[in-house]
Amino acid sequence: MLYYDALDTPIGPLLLVSDGAGLVEIGLPERGKLAKPPAEAEASKSKLHAAARQLEEYFAGKRLRFDLPLHPSGTPFQLEVWGALLAIPYGETVSYADIARRIRRPRAVRAVGAANGANPLAIIVPCHRVIGSHGDLVGYGGGLPIKRWLLAHERRHAPVPELTLTA
């Protein structure tokens, strides 16, 4: 059984979908409107309470990491790429080539881009933190304005590293 709920956010309404044991999808706003829930899904705020709360904390600038059970569906390669995305620190960006190198497939840059684009758990699995090799913003399921907003939001709320002075 699938369950869904909607969450109003600064980037527009998000659709949260769970299989009851973990989050399976986050639907980004489609032209400012809520994405359509799966036909077989049932509305349930209680099944998605933790995900909604953590996303609200993220948008308030109070959550840097998510702690939720995730159940995305994908190929072994996609799951490997999405796992690498989870390692990108809050407020930082990496290139598609960087991800390809991290998964020890340096020639798979295009495949990494395709897997990134198929990520069903946007924001929590931070595909918005992946940029082009020359620092340009390229592709995002929710559109480049949302990607730009998410990156600026994280830069504003990223912790400042402490300086240590040595004598």
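Annotations for the structure displayed:
- Extension gain, ARG155 to LYS33: 0.36 nm times the residue separation minus the Cα-Cα distance gives 41.3 nm.
- Cα centroid separation, the stretch 55-78 to the stretch 104-167 (Å): 14
- Computed lengthening from ALA60 to VAL138, 0.36 nm per intervening residue step minus Cα-Cα distance: 25.5 nm
- Cβ crowding within 10 Å, taken as a proxy for footprinting-reagent exposure, orders SER46, SER73, SER95 from fewest neighbours to most as SER46, SER73, SER95.
- Judged by the gyration tensor of its Cα atoms, with axes a ≥ b ≥ c, the stretch 2-59 is oblate; a/c meets the 1.5 cut and b/c is at least as large as a/b.
- Translational diffusion of the chain, µm² s⁻¹ [Kirkwood Rh, Cα pairs; Stokes-Einstein; 10 °C; 1.306 mPa s]: 95
- Neighbour count of at most 13 Cβ within 10 Å plus DSSP loop: longest trypsin sites (Lys or Arg not before Pro)-free window in the chain: 108-167
- In this structure the amide hydrogen of ILE131, modeled in the peptide plane, comes within under 5 Å of the amide hydrogens of VAL94, SER95, TYR96, none closer than 5 places in sequence on its chain.
- Long-range HN-HN contacts of GLY27 with modeled amide H, under 5 Å: LEU15, LEU16, VAL17
- Sequence-ordered 3J(HN,Hα) estimates for the stretch 12-29 from the Karplus curve with 6.51, -1.76 and 1.60 and θ = phi - 60° stand at x, x, 9, 9, 9, 10, 10, 9, x, 10, x, 6, 10, 7, 10, x, 6, x Hz, glycine and proline given as x.
- Think of it as helices only: each DSSP H run of n ≥ 4 in the chain is worth -39500 (n - 2.57), and spread over all residues that comes to -9000 deg cm²/dmol at 222 nm.
- The distance between label points at GLU40 and LEU70 comes to 2.3 nm (points 7 Å beyond Cα on the Cα→Cβ vector).
- Under the Karplus curve 6.51 cos²θ - 1.76 cosθ + 1.60, θ = phi - 60°, whole-Hz ³J(HN,Hα) for the stretch 32-46, x wherever Gly or Pro sits: x, 10, 5, 4, 7, x, x, 4, 8, 8, 10, 5, 7, 5, 5
- Placing dummy labels 7 Å off each Cα toward the beta-carbon, the span from PHE77 to THR164 is 4.2 nm.
- Global form of the stretch 51-113, assessed from the alpha-carbon gyration tensor, a/c cut-off 1.5: oblate
Every number here is computed from the coordinates shown, using simple stated rules; none is lab data. Every value quoted in this text rests on a predicted model; they were computed, and no experiment measured them. Ideal geometry is used to build each Cβ from the backbone, glycine not excepted, and the neighbour counts take in all protein chains shown.
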